[in-house]
Amino acid sequence: MLEITKEYLDEIQTLIEQGKEGSLISHLDELHETDIALILNQLRIEDVNYAYQLLKDNIRPAVLSDVDDDVREQILNYLSSNQIAKDVIDGLESDDAADILGSLPSDKMMDVMSKAEDKESVADILSLLSYPEGSAGALMAKELVKVEETWSVATAIKEIRIQSQDIENLYTIYVVNATGELTGRLSLQNLLLSAASTRTPVGDLKDDENFISIKAKEKEELVVSLMERYDLVALPVTDDNGVLLGRITIDDAVDVIIEEAERDYQLASGISEDVESYDSVWTLTRARLPWLLIGLGGGVGGAYVIGAFDIVSHPEMALFIPLIAAMGGNVGVQSSAIVVQGLATSSINTTNIASRLIKELGVGLLNGIICASIIFIVTLLLGFDKSLSTTVGISLLFVVVFAALFGAFVPLMLDKRKIDPALATGPFITTANDIIGLIIYFSVGSFISSLL
């Protein structure tokens, strides 16, 4: 694996600045497409197009597919429609081509398609672009190998050789009937070793048991779930009538997993938009500011709660405000993170909310009792008044229990209302728990004070 160090990048940059095309081409020819894309991502924008043009024709499409979005945008703006048609439509599989062309302005996209020689590929790309973003149909590729169940082994082998020329990786051979409906799959082992003769019908050799497929209208999250649960490297996609439309391969599913993880991490961190480190200052500010304002409002709310109670008469209570707020936020995030993970893997759903909350109640009670007992003993040993130790201990118990229930309830409700539950693991939970935790703390303190 190539280690792309600062020294290596400086060497490439120097070759570009000095116009030493021969040496630069020699360097690039030795690299894998992915490594070239990583290098282009880190070059100055004005040098990216120069380096891209020096790549071999058979390398450019893969590199264009692998580079970051902003780098690809710069390259596409530089290339002519004819060059884009050659590199994208003719050089990439339909799903990757559709992703790239879909990012172009509509007039530029249509101009590129008009320049393509392979009109069948253009039709496939237009078909993929018609599916909603985030659906199985938008994720699939049209390239696949299929045989009809009435074909003989000899005919099937001949057709497989022809169809596989357009496919980078042959994972599965699909079996369809005369109307194109998916009826099973065919392994190469059965095709080559199990047939009694070359005249044996493919239908006699197909595997139609425990066969997994997905409808084109289903969400990409279901794609990932099916491929993960059944250890699939390829998943066939059909229409509502069962007609085979395309296939989704494991690399596309992995891309979805990575994108979803990045999106959830950003939401959990209080970033409201999908942003990258290279985005503009305004874009990054716009993505971060909403949750910062919510946190600011939460801080004002917390200050109001503290001011509403007689803190002057019991100034010692202020010492444990950070503890109460921190514990409530931590427990809430822990609880919501477990629920969000369960929703993502389908091990938790909105039909068993009651059982999930009961379980979190048990966890919250156990953790709360342990933490409350520890803080009660520690505060006594540190010399604090017994009433203050009791207040902190009881408050902590209530705060932990509430935070556990609240942290589980919010993502379940968001998911039920078709809102990304990852929002629940972010500043919303911590801000809400801070305010409610302080209310609980001072309410318990006021009650205990009234008893003395």
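In the stretch 6-134, the alpha-carbon atoms span a convex hull of 105 Å³ per residue.
Values of log10 I(q)/I(0) for the chain across q = 0.11, 0.14 Å⁻¹ run -1.00, -1.25, by the Debye formula with one identical scatterer at each alpha carbon and no solvent. Please compute the Cα-Cα pair-distance distribution of the stretch 145-258 with 5 Å bins starting at 0, giving whole percents from short to long. Histogramming the stretch 145-258 at 5 Å steps yields 2, 12, 22, 22, 20, 13, 6, 3, 1, 0 percent.
Stokes-Einstein diffusion for the stretch 281-451 at 37 °C, viscosity 0.692 mPa s, with a Kirkwood radius from C-alpha pairs, works out to 193 µm²/s. When only Cα pairs below 8 angstrom with a gap of at least 6 residues are kept, the chain shows a relative contact order of 11 percent.
Taken over the alpha carbons of the stretch 72-175 as equal point scatterers, the Debye sum produces base-10 log I(q)/I(0) values at 0.11, 0.20 Å⁻¹ of -0.40, -1.00.
Restricting to bridges with both residues inside the chain, how much of the DSSP beta-bridge set is antiparallel, in percent to the nearest 5? Working shown, then result.
On the way: 14 of 20 bridges.
Around 70 percent antiparallel, to the nearest 5.
Secondary-structure-derived ellipticity at 222 nm for the chain, considering helices only, amounts to -19500 deg cm²/dmol, per-run term -39500 (n - 2.57) for DSSP H runs with n ≥ 4. Structural descriptor for the stretch 145-258: relative contact order 24 percent, calculated from alpha carbon pairs under 8 angstrom and at least 6 residues apart. Of the residues 143, 7, the one with the fewest other Cβ atoms within 10 Å heads the list, and the complete ranking is 7, 143.
For the stretch 164-172, the Karplus equation 6.51 cos²θ - 1.76 cosθ + 1.60, evaluated at θ = phi - 60°, returns couplings of 6, 5, 9, 10, 6, 10, 8, 8, 8 Hz by residue, with Gly and Pro reported as x.
FYI, it's all coordinate maths here, none of it is from the lab. Note that the structure is a prediction, hence the values are computed from the model and not measured. We place every Cβ from the backbone using ideal geometry, glycine too, and count neighbours over all the protein chains shown.
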